[in-house]
Amino acid sequence: VLNELKRKEYKLKFIRVATLLYCNELRQWIMPENFNIDGTYYFEETESPDADRMLYAISLSQGIKGFLIDTCTVYMDNISSEMMQKLKFNKAISTIDSINTAA
């Protein structure tokens, strides 16, 4: 999935902190109102639920695209309500088709 996202120009890597995202390549902090979630992908680890991950396809208001790989539940107490609303954790498994319609 990540390779397909990169092929569709989702190349920047974002890191989530409590209230916003950070992009090392851009050396920029990104507020929730300045990005959109274009697609989500849930990866379940059956042997260790703490290892479940979400992959988010993200576009910035300037049209730049990237991705965020985040834990699903382990650190959710360390996140602002704005970020929680923006990321809207959802265990529904998305497919690459959701990116095809968003791109």
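Derivation of every value follows stated rules applied to the coordinates shown; laboratory data play no part. Treat the numbers as computed from the prediction; the structure is a model and nothing was measured. Cβ: placed from backbone, ideal geometry, glycine included. Neighbour counts: every protein chain shown.
Can you list residues from other chains, or at least 5 along the same chain, whose modelled amide H is less than 5 Å from the amide H of residue 58?
HN-HN under 5 Å from residue 58: 38, 66, 67, 68.
Give the calculated FRET efficiency between residue 53 and residue 22 to the nearest 0.05, with a Förster radius of 25 Å applied to their Cβ-Cβ distance.
0.85
In nm, to one decimal, how far is the residue 2 label point from the residue 29 one, both placed 7 Å along Cα→Cβ?
Result: 2.7 nm between the two label points.
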